[in-house]
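Enquirer: Have a look at the structure that comes next, please.
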Amino acid sequence: MAKPVSVVVTKSDRSGDWFELRCLPSIRENDPAEIIVENGQGTVLDKRSAGLAKATQPFVLVGREDMVLYEWALGKMAKTLEAIKDVSFVYCDWREVSGRKHSARKAKAWDEKDPEACVVALIRREALADLELKDPDGADLWKALAAKGRIGLYIGETLLEVHALNG
């Protein structure tokens, strides 16, 4: 049964075939209700904004073209958001992969003063309303959530990998 999740991923040329071969299958394996891939012209912010505007599900995973989700990632994140109603998003640890080198990355504790806690998060769609996003690289999403008083919850588990891509 599909999870009530819209996955939004911005794509560039740098991922080449890797996106189709690794990232997209890992998203599909997690069985979200919809997958929105924004590629083509424009900045990360332009593409992300376009993708978020198309999202219809109660939860939105703001993803990356260089990620591989573990098969239980969306289930774990969605169940946590469903169970804990007073948080706006959940985030987790990840593995950084560069060639044969793997390193565990622990997310920082969510702090509204230093909201660079995570690389990927599952967010309540309503928490994305009225955010003021300006950074063309899309790096201000977490700061915008903090500025609106949105609360994040850390899941102390590694749920994905982020791969170094050539290009």
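Just so you know, all these numbers are worked out from the coordinates, no wet-lab data involved. Note that the coordinates shown come from a computational prediction; the quantities given were computed from them, not determined experimentally. So basically every Cβ, Gly included, is an ideal-geometry build from the backbone, and we count neighbours across all protein chains shown.
Enquirer: Once the other residues with Cβ under 13 Å from the Cβ of Glu96 are scored (Lys, Arg +1; Asp, Glu -1), what is the net sum? Mind dumping the intermediate values first?
Expert: Numbers: positive: Arg64, Arg95, Arg100, Lys101, Arg105, Lys106; negative: Asp66, Asp93, Glu161.
Its environment carries a net charge of +3.
Enquirer: Continuing with the same structure: In deg cm²/dmol and to the nearest 500, what is the mean residue ellipticity at 222 nm of the chain if only DSSP H runs of at least 4 residues count, each as -39500 (n - 2.57), divided by the residue total?
Expert: On the way: 4 runs with 35 residues, N = 167.
Dividing the helical sum by the residues of the chain leaves -6000 deg cm²/dmol.
Enquirer: If you don't mind, another one. Considering only DSSP beta bridges with both partners in segment 3-163, what is the antiparallel share in %, to the nearest 5? Working shown, then result.
Expert: Details: 15 of 35 bridges.
Antiparallel bridges make up about 45 percent of those DSSP assigns within segment 3-163.
Enquirer: Next question. Beyond 21 Å between alpha-carbons counts as too far, so tell me which of Lys11/Lys148; Lys3/Lys79; Lys11/Lys79; Lys76/Lys106; Lys11/Lys54; Lys106/Lys148 fall in that bin.
Expert: Working: Lys11/Lys148 27 Å; Lys3/Lys79 10 Å; Lys11/Lys79 27 Å; Lys76/Lys106 17 Å; Lys11/Lys54 16 Å; Lys106/Lys148 25 Å.
Pairs exceeding the cut-off: Lys11/Lys148; Lys11/Lys79; Lys106/Lys148.
Enquirer: What aspartates and glutamates could a cross-link reach from Lys143, if we take a straight Cα to Cα line under 16 Å and drop same-chain neighbours fewer than 8 places away?
Expert: In chain and number order, the partners are Asp111, Glu112, Asp114, Glu116, Asp130, Glu132, Asp135.
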